[in-house]
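Structure first, commentary second.
The values are calculated or read from the model by the stated rules, or taken from the named source; none is laboratory data. Only a predicted model underlies this, so the values are computations on that prediction, with no experimental measurement involved. Quick reminder, even Gly has a Cβ in these numbers, built from the backbone with ideal geometry, and neighbours come from all protein chains shown. Surface accessibility is based on the protein's heavy atoms, side chains included, excluding ligands, DNA and RNA. Shrake-Rupley method; radii C 1.70, N 1.55, O 1.52, S 1.80 Å.
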Amino acid sequence: MGATVNVSGHGLSEPLGQQLLGELEDLAVAAARAAGQFIVAERPRGLGVVGTKSSINDVVTVMDQQSENLLRAHLLGARPNDAILGEEDGASEGTSGITWVIDPIDGTVNYLYQIPAYCVSVAAVIGDAGTPGQWQPVAGAVCNPLTGEVYHARVRGGAYILRDERDTAIEVNPVDVLLESLVATGFGYRAEVRARQGEVLAAILPEIRDIRRAGSAALDLCAVACGTVDAYYESGLNPWDLAAGWLIAAEAGAVVSGLNHIAPGAAAVVAAGPGIHGSLLSRLEALAPLR
Ligand code: LIP
């Protein structure tokens, strides 16, 4: 199920046809790759934490900031009338109706510990990216700079992995039994949220094949898209953690939703093949009071 594009009311200054979608996708790929190469090549020795956000564990490094600066310059250099919503510097206005939702390093804790599971996520969205349920991604890319792989998609264009300059179409696993499903998830930065997420995990664990915790929502959603896991769920995410991955998973055949008919967002994101999405969703909705 690809994301449906209802462009009415989104104040777009140009028609959102396949040509524009293709240009946005190519720009997302180029920008994500440039920032990906930068965070690997320029990682300073003894990289440290320069600040924290929602808790002492929600860390920021100088490279998160510099990668975001690079992404903003790259995207606005090509499309100066677009808006941007970034993890480090927040929102900047635009007039085109397109907003770039960017995560300069998704999996920052992995980056800090040099665990090879972090990425750069870049998505073009329509609607109000600051309001849950009022926006949707239309083109996007997730670059894993250590493998050099770039996952990318545009609406109704399918999902692909770019590896060694060759594009390969990707699709979700056709699994239809939750007990035989490998599920990825993640945990927030605030202790009370983690405690509740731990309770949900404890309840789900006996009902699935196993759990994987990679540490990057964007890479987890791309793992659903290419079938290295069968499903992913997490609560407490920001738009920049899930924007590009949402579209890539959806264009690879996943059902991507929130809970209780709400769009994917901070409350929850649940992504899985159509064979198991319903059963995973109803379990999570039943456990939702635990959240
Ligand atoms: C991370 C997400 C991850 C989640 C972490 C954090 P960040 O984003 O990608 O899924 O479990 O708590 O939100 O902070 O590395 O951009």
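The protection proxy used here, the mean number of other Cβ atoms lying within 10 Å of each residue, ranks peptides 37-47, 103-113 as follows, highest first: 103-113, 37-47. Need one number: the % of Cα-Cα pairs in region 19-152 sitting beyond the 23 Å mark. Pairs farther apart than 23 Å: 30 percent. Among beta bridges from DSSP that stay inside region 120-251, the antiparallel ones total about 80%. To the nearest 20 debye, what is the magnitude of the charge dipole of region 135-291 about its Cα centre, counting +1 on the Cβ of each Lys and Arg and -1 on the Cβ of each Asp and Glu? Computed charge dipole of region 135-291: roughly 340 debye.
In terms of its C-alpha gyration tensor, region 21-65 has an oblate overall shape, because the principal axis ratio a/c (a ≥ b ≥ c, square roots of the eigenvalues) is not below 1.5 and a/b does not outweigh b/c. Dimensions of the chain from C-alpha coordinates, computed as largest minus smallest value along each principal axis and given longest first, are 50, 46, 37 Å. May I ask for log10 I(q)/I(0) of region 194-291 at q = 0.13, 0.14, 0.17 Å⁻¹, from a Debye sum over the Cα atoms as equal point scatterers with solvent left out? Log10 I(q)/I(0), no solvent term: -0.38, -0.44, -0.68. Charge dipole of region 32-76 (Cα centre as origin; +1 on each Lys and Arg Cβ, -1 on each Asp and Glu Cβ, all else neutral): 100 debye, rounded to the nearest 20. Sorted largest first by accessible area at a 1.4 angstrom probe radius, with every protein chain in place, the residues E285, E171, E25 fall in the order E171, E285, E25. State the Cα centre-to-centre distance between region 195-228 and region 62-121 in whole Å. Cα centres, region 195-228 to region 62-121: 25 Å. Of the peptides 114-126, 189-201, 214-226, the order by per-residue mean of other Cβ atoms within 10 Å, starting with the highest, comes out as 214-226, 114-126, 189-201.
Taking the chain as a Gaussian network of alpha-carbon nodes connected by springs under 10 Å, the highest mean-square fluctuation of the residues G236, G51, G278 belongs to G51. Entry note, the chain: the mean residue ellipticity at 222 nm calculated from DSSP H runs of n ≥ 4, each adding -39500 (n - 2.57), is -10500 deg cm²/dmol after division by the residues and rounding to the nearest 500. Taking only alpha carbon atoms, region 5-90 gives an Rg to Rh ratio of 1.07, where Rh is the Kirkwood radius. Look at the alpha carbon pairs under 8 Å that are at least 6 residues apart: their mean separation over the length of the chain gives a relative contact order of 18 percent.
For the chain, a crude dipole built from +1 on the beta carbon of Lys and Arg and -1 on the beta carbon of Asp and Glu, taken about the Cα centre, is about 400 debye to the nearest 20.
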